[in-house]
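Comments concern the structure below.
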Amino acid sequence: MALRKYKRRPGATVYAIRFDFAGAGFDYEKWGASQHCKSGDWIVLNDGDTYTVDADVFGRTYRRVDGATYEKTGNVWAEQASTDGAVPTKEGRTHYTAGDYVVFNDESKTDGYAMTRDKFESMYEAAEG
């Protein structure tokens, strides 16, 4: 299946704080694998789901709305998975099952992650063009 371009639905915001401490960061388990948060990365609360986002990715794809509220501004490219698998991420790996969406912040598939179908379809809509 080919990648399609999507945009975040209007009004979908997250809460985020920057993990701005010296040191090696921290590891945590999520999405069926070990993840790593580095100093400068962002800790994001998105509709009850907490995860981290690489500092460069966050700076490129989010904008501040007010206080600790941010919205995703960049488009994503996604395809629905036909089989179970895993995608490498900036923080580790994300495992997915058939029917989930494999999502990329760039069309070249170098900055990916996965989301359940329900979560993806509630947050994103097809982009024009």
* Counting just the residues of the range 64-99 that are polar (S, T, N, Q) and under 23 Å from GLY11 (Cα atoms), which one comes out surrounded by the most Cβ atoms within 10 Å (Cβ to Cβ)? -> ASN75
* What are the residues in the range 15-40 that are over 15 Å from MET115 (Cβ atoms), of a type outside the set (Ser, Thr, Tyr) and assigned to a loop (DSSP other than H, G, I, E, B), if any? -> PHE19, ASP20, PHE21, ALA22, GLY23, ALA24, GLY25, LYS38, GLY40
* To do: Quick one: SER108 ticks every box in (1) in a loop (DSSP other than H, G, I, E, B); (2) touching a residue at least 40 places away in the same chain (Cβ under 8 Å); (3) more than 27 Å from PHE26 (Cα to Cα) except a single one, so which number is it?
  => (2)
* Structure fact -> Being of a type in the set (Gly, Ala, Ser), farther than 19 Å from ALA114 by Cβ and touching an Asp or Glu at 6+ places or on another chain (Cβ under 8 Å) narrows ALA68, ALA98, ALA81, ALA55 down to just ALA55
* Asked: Could you say whether any residue in the range 53-64 is polar (S, T, N, Q) and touching a residue at least 40 places away in the same chain (Cβ under 8 Å)?
  -> yes
* Looking at the range 41-78, which of the residues that are touching a strand residue (DSSP E or B) at 6+ places or on another chain (Cβ under 6 Å) and in a loop (DSSP other than H, G, I, E, B) is farthest from ASP20 (Cα to Cα)? -> ASN75
* buried (at least 20 other Cβ atoms within 10 Å of the Cβ), in contact (Cβ under 8 Å) with a residue 12 or more places away in the chain and closer than 19 Å to GLN35 by Cβ, is that true of THR116? -> no
* Structure fact -> Within the range 78-91, of all residues that are closer than 21 Å to GLY59 by Cα and free of Cβ contacts under 8 Å to residues at least 60 places away in the same chain, the one farthest from the chain's Cα centre (by Cα) is PRO88
* Determine whether the range 27-41 contains at least one residue that is closer than 23 Å to ALA126 by Cβ, free of Cβ contacts under 8 Å to residues at least 60 places away in the same chain and surrounded by 14 or more Cβ atoms within 10 Å (Cβ to Cβ). => no
* Subset of the range 1-14 (residues that are in a strand (DSSP E or B) and within 14 Å of the chain's Cα centre (by Cα)) -> TYR6, LYS7, ARG8, THR13, VAL14
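Each reported figure results from applying straightforward, stated rules to the coordinates on display, with no laboratory input. Please read these numbers as outputs of a predicted model, since none were measured by experiment. Virtual Cβ from ideal backbone geometry, glycine too; neighbours counted across all protein chains shown.
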